[in-house]
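What follows is a short report on a single structure.
The values are calculated or read from the model by the stated rules, or taken from the named source; none is laboratory data. It should be emphasised that the depicted structure is a prediction, and the values quoted were computed from it without experimental measurement. In this analysis, Cβ positions are derived from the backbone assuming ideal geometry, glycine residues included, and neighbour counts consider all displayed protein chains.
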Amino acid sequence: MTIRNTKEPLLLFLGDVVLLFAALWIMLLIRYFKVPDAVALNMHLLPFSILIGAWILAFYIGGLYRKHTLLLRNSLPTSILHIQIANSIIAVSFFYFIPYLRITPKINLFIYLCVSSLCILIWRMYGHPLLGIRKKEDALLIGSGEEMQELWNEVNHNLRYSLTFLDSIDPQKLSDVSFQNELIQRIRKEKIGTVVLDMKDGKVSSVLPRFYNLIFSGVRFVDMQSIYEDIFDRVPLSLVGYSWFFENISWSSNGRMYDILKRCMDIFLALILGSIALPLVPLVFALIKLDDHGPVFIVQERMGKNNKRIQIRKFRTMMVDSGGIFSALEGNYERITRVGSFLRKTRIDELPQLWSVFVGDISLIGPRPELPDLAVLYEKEIPYYNVRHLIKPGLSGWAQILQPAPPKFGVGYDTTKIKLSYDLYYIKHRSLMLDVKIALRTVRTLLSRSGL
C-alpha cells in the first residue's frame with residue numbers, strides 16, 4: 001500500500017506539457033494580435049516541441065517532480081526562476097546555433113519565456129486541487145523508536161498523504177489482554193480505517209490473530225517498513241533483521257542480466273565522458289604544478305565489491321604532507337590547496353576515477369566507496385554495514401543525492417547509519433530505471449554545486 005498520491009508526478013508532468021504548448025498558442029496570439037492560423041502553428045510546432053521536451057527534462061533535473069514539490073510553495077518561485085534561466089540558455093542555443101531551423105524568434109522567444117514561466121508558476125502554486133489529493137483517513141501507528149517518530153511527524157504534518165495518525169501505541173502494551181480488547185473496540189468505535197504496524201515485531205505478530213476479524217470490518221493493516229520506504233526512500237534500520245535480507249536481497253537471473261547491462265553502460269559512458277574530459281588533463285596538470293609543484297595524482301585505497309580492496313585515482317587537492325587514510329580518520333582536511341578547492345567544487349578532481357569505472361573496480365552508480373579503515377570501524381559498530389559491499393561501489397549513488405548531511409570526513413557513526421539505510425534501499429530496488437534517476441539527479445547536484 002502507498003499512502004501518497006502516486007499519480008502526482010504524472011499529473012504534474014501532463015499539466016506542464018499542456019501549459020507549455022498552451023503558452024506557445026498564447027505567445028502567437030500576443031505577438032500577432034490574432035488567433036494563430038495553421039501556417040504560424042505549423043512553423044513553430046516542431047521546433048518548440050523539441051524545445052519543450054528539453055525543458056521538461058530540465059524540470060526533472062531541477063527537482064520539479066520530486067516528492068514534496070507541492071509543499072515547498074515558498075521556494076517554488078525561486079526554483080522555477082532558476083530553471084527558466086537555464087531553459088532560456090537552452091532555447092537561445094537551440095534556435096540560434098542549429099542552422100536547420102527555419103525560425104530565429106527573438107521577440108517570440110522572449111514572450112514565450114514570460115508566458116510559459118507565469119503559467120508554470122500559477123499551475124504549481126495553485127493547481128494542487130486538481131491533483132487528486134484525497135481526504136485524510138484516520139489511522140493508528142503501532143511502533144516505537146526514532147523511525148516511528150519520523151513517520152508520525154512526516155505524515156501528520158504533510159498534506160500530501162492520505163492518512164492522519166490519531167495515536168501512536170507502544171508494542172509493549174499489546175501484551176495486556178485488556179488493552180488489546182480496548183484497542184479493538186476503539187478501532188471499531190472511531191471507525192479507524194488503517195493500522196500501521198511492524199509485522200516483524202514479535203509482540204505485534206503475537207496479537208495479529210486478535211486483529212484478524214477487523215479485516216472484515218474494512219480495516220487495513222499495513223506494514224510499517226513498506227510505508228517508511230515509500231515515504232523516505234530508505235530502509236528503516238531499526239526494523240531490519242536477518243529475515244529482511246533473505247526476503248529482499250536476491251541474485252536472480254534478472255539481477256545477472258541487469259549487472260551485464262550496467263557493466264556495458266559503465267564501459268560506454270566511461271569512454272564517452274573520459275574522451276570529453278581528456279582535454280582538461282594538461283590544464284589541470286599545469287595548474288597543480290604551478291600551485292605547489294607537487295604530484296598531480298593521488299592513489300587512495302577503498303573498499304570494493306565483496307570486501308576487496310581497490311585503488312582509485314584522483315587529481316590531488318591537498319598539500320603533499322597531508323591527506324591519506326589517517327587524515328581522513330582524524331578529520332584533518334584543512335590543508336586544501338587553492339587549485340584543489342576549485343577542483344573539488346567543480347568535481348574535476350573525480351574525473352580520473354573514470355578509469356576505475358572502465359576497468360570495472362567501481363561503477364558510475366552505486367554506494368560510495370569507503371576507506372578500508374573506516375569500513376572496519378563501521379562494521380564493528382553498525383549492524384549489517386558490510387551488506388553495502390555486496391555490489392560495486394559507485395561515483396554517485398542513492399545516498400549521495402538524497403542524504404541531507406552525508407558523512408564527509410572523519411568517523412561519523414550516526415550519519416553513516418543513515419547512509420547505510422539509503423544504500424540498503426538501493427540494493428533492494430536497484431534497476432536501470434533507478435540508475436537513470438540517480439544519474440539525472442546527480443546532474444542537478446553537480447550544477448547546483450551542492451556536492452556529492
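Structural remarks
- Contacts under 6 angstrom Cβ, first residue in the range 366-377 being over 12 Å from Lys419 (Cα atoms), partner at pLDDT below 90 and assigned to a helix (DSSP H, G or I), 6 or more apart: Leu371/Ile325; Leu371/Ala328; Asp373/Ile325; Asp373/Leu329
- Only one of Asp170, Asp176 that is modelled with pLDDT of 85 or more, under 30 Å from Ile418 (Cα atoms), surrounded by fewer than 18 Cβ atoms within 10 Å (Cβ to Cβ) and not polar (S, T, N, Q): Asp170
- Test result for Ala328, of a type in the set (Gly, Ala, Ser), buried (at least 17 other Cβ atoms within 10 Å of the Cβ), at pLDDT below 90 and part of a helix (DSSP H, G or I): yes
- The one condition in (1) surrounded by fewer than 16 Cβ atoms within 10 Å (Cβ to Cβ); (2) in contact (Cβ under 8 Å) with a residue 60 or more places away in the chain; (3) outside any loop (DSSP other than H, G, I, E, B) that Ser341 fails to fulfil: (2)
- Of all residue pairs spaced 6 or more apart or on separate chains, those with beta-carbon atoms under 9 Å, a first member in the range 189-202 that is at negative phi and a second member that is surrounded by fewer than 16 Cβ atoms within 10 Å (Cβ to Cβ) and in a loop (DSSP other than H, G, I, E, B) are Gly193/Gly218; Thr194/Met1; Lys200/Gly241.
- Looking only at the range 128-139, and only at residues there that are surrounded by 16 or more Cβ atoms within 10 Å (Cβ to Cβ) and under 25 Å from the mean Cα position of the chain (by Cα), the one that is modelled with the lowest pLDDT: Ile133
- Residue within the range 301-319 that is in a loop (DSSP other than H, G, I, E, B), modelled with pLDDT under 90, assigned by TED's automatic domain parsing to the domain that holds Asp435 and not charged (D, E, K, R) present: yes
- The lone criterion from (1) surrounded by 16 or more Cβ atoms within 10 Å (Cβ to Cβ); (2) in contact with a strand residue (DSSP E or B) (Cβ under 7 Å, 6 or more places away or on another chain); (3) at pLDDT below 90 left unmet by Ile142 is number (3).
- The lone criterion from (1) modelled with pLDDT under 85; (2) surrounded by 18 or more Cβ atoms within 10 Å (Cβ to Cβ); (3) within 21 Å of Leu24 (Cα to Cα) left unmet by Thr69 is number (3).
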